[in-house]
Structure formats: structure tokens, C-alpha cells
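Just below is one structure, and these are the notes that go with it.
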Amino acid sequence: MSKPFEPKIVAFVCTYCTYAGADLAGTSRLKYPPNIRMVRLPCTGRISPMFILKALQKGADGVLVSGCHPGDCHFTHGNYHARRRWTVFRALLNFTGIPLERIRFSWISAAEGVKFAELISSLTEDIRKLGPFEQYKAMIHETEAPVSL
Amino acid sequence: MSIQEQYRKKAAELLSSGEVKLVIGYGSGSTPDRRRALFARTADDAALFHVDAACDANLSGYLVNEGLLSDKKKIGIFLKPEGIRSVNILAAESQLDPDQIVILGFTEENGTVSGLQGTQASDFTSLMTALKENRTTSEKEQALVDKIEAMTPQERFAFWQAEFEKCIKCYACRQVCPMCYCKRCIVDNNQPQWVHTSSHTLGNFEWNLVRAFHLSGRCVECGGCDRACPVNIPLRLINRRMANEVLDAFDHFSGMNQNQEPVLASFKKDDPETFIL
């Protein structure tokens, strides 16, 4: 009997907002699926699109990028820069056929533990429905590089 | 006097008067319908220049050759409107001093070449505005864009996978691009290695994505990558899609002037963010 598909989701989060929000979700004993792998970064401005590509390259089924709401950046405008970059990169991914449902962006503040837990739940459900990212996995397989995450 | 004669004379004058130390233009290529870059240092060399419909390379990339402009002397260069735009971008990105560049501008339409008024990058402001207003796409290219946009993500992925499969990672697209002036390209970086360097489909996919991303908001659509690609990947198509995106989202048309802020190094507080949850 095969096991049901459990998606692997990589989340790149800003330490000042979303990471703290996740922390709040934890201390509030909110439940959310364990499919998420968090990578904590100093700011959304530090999140290079290369990270997203790397996550896919290593076999992620979905990617979440999340940080402070506009105006709340610890470094005053890191998230504004990130926003432009995402707009452009998202369009590029769309044009090259990476389903946008797999790459999500959000603003989650340190006070939004509930939003965090809900987003992770809905994201995991969505990606579970989409299934594994077979098209990308076929490419990875071709390289014969060990896939581990 | 034909436009070619005029420009040869102009280049010879620039060189003999000592105003410029070098003129970069187009000389004969390996076949009669091809042109290759010609570097004229004396007035006699200027007689070898060609200005015709076959001159399609964007020569501005030569300007960022290491040390070429460091002696503060001027350089003359034959440029089409796209080339002038790339000089503007290079100036905006502090790669060169636009005062050192003497532009011999020309434009080509349906096989006929005509001259452009002005010698400094800043003389072409109205031309840039006109280019922004009247963005044109060839019918063939537009048809392909429409076809791709109408596909499902799976089909699009398969389309690009088939295209990128052909890539042999020769990096000709990078070498030919005037915007790819980094001393160390991210793909040559192996600590950490972001992009697979072998030319399997995944590595090719990543490389082409990274390339398109780094050129978004900077590409002037001169088509150099398209012409350079030995396996005919429609590279300009991706760049064009990115150019449309920055124009629609941020009203940014690359290379408008030499003080234009790079689109991904600036922001507005009310930038669109429809997709962010």
C-alpha cells in the first residue's frame, strides 16, 4: 500500500515578522501541517529568486515566501524591493510554465499567528491536491543528482 | 551623398581631429550580407565602415571592455536606437560616463537606413519617448507570444523544456549581451552553486530563467541573444515578456535616459501587489 502524498513545502521567511508569527502560532498551540520547511532570513529583501529555484531544484513541491507587511520592514524598505522582484520573477515563472499555485507570497506580521497557521493549512491542502511537481521532478531525475531535502 | 558616405566622413573627421581615440562601427563580415565590429583608430580606417540594413549588432557592449574608457578619452560608436538605450542603461548603472561616448546614430526601417540627429546619449530623449509610445512586435513574434499565453502551465512548461533542452550552455547569449558585464556571472559562481553548469535540461532551464530575470527591466530588445544562439532558442521572447511586465507594472521602459533608476533597485510604496496574500 502506497503512502498518501505529503507535499514538501519550503518557506522563506523574514525573521522579524513571519518567523515571529510562526513562533506565535506555536506558543498559541495552533495546529498546522508539518509539511513546511522554514528557512529564516534577515529580511524579505534578502530572499533572492535563486532561493526559489534552488528549492525546486532540490525537489520542493511548493514554495512560500513571506515577510513583513509593507511599511513594517525592520530595515525600512527591504520588503518594497522584494515586492518588485517578486512581481517580475512571478511573471517569469508563469511564462515558463511553473504553476503559480506552487509559488506563493504573503505578508504575515509577528502578531498574525492565526493567519500563519491558516495559510500553511490551506497551502498544504492546495499543493496536496495538485500532487507532486512531476514535470520538475522529471528534470531533476534526468540529472541523476541525489534529491534530498 | 549616401548615408554610408556621410557617416564614413563623419567618423574620419572625428578621428583626424583627435576628438575621439577610436570609432567602433561595422565592417565587412565573412559573407556579403554580414557585418562584424570594426575598430577604427585612424581616419583611413573609417573608409572601411558600412552603414546598411545588415548592421544589426548592438555594439554598445564593447564600451564596457575593461580599461577602454579609463583614460577619459572619447570614443565614437555606431548605434541604433536600442544601442543608445543600452548606453543609457550602462550610464545609469555607473558602468560608463556618457560624456565620453560620441554617438553616430542610425535607424533602419524596411531595409532603408537613415541617420539620427545628435551625438550625445542625452540628445535622443524625444526618440526614446517615441519608442516607449510605439512599441512594436513583429507579427511572427506576437503570434508566438499569443500561442504561449494561451497554453496551460503544463503545456508552457513542456514548450520551454523542449526549447531549453537544445541549449548547449555556450553562453553566447551572455557574451553578446551589452547588459551582461558582470566580471563574475552568477552561473560561474560555484560557492554556492545556484545553477547547474552542465547542460542537462534542468541546468539549462535554471540558467535561462536566471538570465531572463537579471535582464528584466534592463533588456533593450536588440535581439543580440536571438541572433547569437546557435540552437535558435527564442530568447528575445522571454526578454520581451519581462519588458512588458515591468512596463505594465511599474511603467518602466529601460534606457529612457542616463539618470533612470534601475527598476529592480528602486520601488514605489504603491507598487501593485495583487498576488500577495
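Every number here is computed from the coordinates shown, using simple stated rules; none is lab data. Since we're looking at a predicted model, the values are computed, not measured. Cβ coordinates were reconstructed from backbone atoms using ideal geometry, including for glycine residues, and neighbour counts include every protein chain displayed.
Site pair A:H77 and B:C170 shows an inter-label distance of 4.3 nm when each label is modelled 7 Å from Cα along Cα→Cβ. Once a ≥ b ≥ c are taken as the square roots of the eigenvalues of the Cα gyration tensor of segment B:1-76, is the result rounded (a/c under 1.5), prolate (a/b larger than b/c) or oblate (a/b not larger than b/c)? Judged from the Cα gyration tensor, segment B:1-76 comes out oblate (a/c at least 1.5, b/c at or above a/b). Cysteine residues of the protein assembly as shown whose Cβ has no partner cysteine Cβ closer than 4.7 Å: A:C14, A:C43, A:C73, B:C55, B:C167, B:C170, B:C182, B:C185, B:C219, B:C222, B:C229.
Largest GNM mean-square fluctuation among B:L131, B:L247, B:L144, using chain B with Cα springs under 10 Å: B:L144. The tail of the calculated P(r) for segment B:139-265 beyond 17 Å holds 61 percent of all Cα-Cα pairs. For segment B:194-235, the Cα gyration tensor yields ellipsoid semi-axes of 19, 14, 6 Å (square root of five times each eigenvalue, largest first, whole Å). Cβ-Cβ distance of B:A47 and B:T125, R₀ of 25 Å, FRET efficiency by 1/(1 + (r/R0)^6): the value works out to about 0.20. Axis angle, to the nearest 10 degrees, between helix A:18-27 and the longest C-alpha principal axis of chain A: 90 degrees. With 23 Å as the limit, write out which pairs from B:K140/B:K166; A:K31/B:K269; B:K132/B:K169; B:K10/B:K73; B:K10/B:K72; B:K80/B:K268 have Cα-Cα distances beyond it, or answer none. Among B:K140/B:K166; A:K31/B:K269; B:K132/B:K169; B:K10/B:K73; B:K10/B:K72; B:K80/B:K268, the Cα-Cα distance tops 23 Å for A:K31/B:K269; B:K132/B:K169; B:K80/B:K268. Annotation: extensible slack from A:E125 through A:R46 equals 25.7 nm (criterion: 0.36 nm per residue apart, minus Cα-Cα distance). Cα extents for segment A:1-86 along the principal axes, largest to smallest and rounded to whole angstrom: 52, 33, 15.
Against the empirical curve 2.2 N^0.38 Å, the C-alpha radius of gyration of the protein assembly as shown lands at a ratio of 1.11. Computed over chain B with a Gaussian network model linking Cα atoms closer than 10 Å, the most mobile of B:K183, B:K166, B:K132 is B:K183. You can think of it this way: the chain between B:E66 and B:K21 has 14.6 nm of extra reach, that is 0.36 nm per residue less the Cα-Cα gap. Cα axis of helix B:3-16 to longest principal axis of chain B: angle in degrees, 0 to 90, nearest 10? Helix B:3-16 sits roughly 70 degrees off the main axis of chain B. Only Cα pairs under 8 Å and 6+ residues apart enter the sum, and on that basis the relative contact order of segment A:31-82 stands at 44 percent.
The ratio of the alpha-carbon radius of gyration of segment A:45-94 to the globular-protein estimate 2.2 N^0.38 Å is 1.20.
Taking only alpha carbon atoms, chain A gives an Rg to Rh ratio of 0.97, where Rh is the Kirkwood radius. Axis angle, to the nearest 10 degrees, between helix A:78-95 and the longest C-alpha principal axis of chain A: 20 degrees.
Counting only the backbone N, which residues of segment B:214-237 are under 20 Å from the spot 7 Å out from the Cα of B:N244 toward its beta-carbon? Once the point is set 7 Å along Cα→Cβ of B:N244, B:214-227, B:233-237 turn out to lie under 20 Å by backbone N, inside segment B:214-237. Scattering from the C-alpha atoms of segment B:77-136 alone, worked out with Debye: what is log10 I(q)/I(0) at q = 0.17, 0.18 1/Å? Relative scattering, expressed as log10 I(q)/I(0), comes to -0.55, -0.61.
For B:E261 and A:K3, a Förster radius of 51 Å and the Cβ-Cβ distance give a FRET efficiency of 0.50, rounded to the nearest 0.05.
Across the alpha-carbon set of chain B, the Rg to Rh ratio works out to 0.98, Rh being the Kirkwood radius.
The stretch between B:D99 and B:A150 holds 13.8 nm of extra length on full extension. This uses 0.36 nm per residue minus the Cα-Cα distance.
In angstrom, the C-alpha Rg and Dmax of segment B:3-133 are 13.9, 40.
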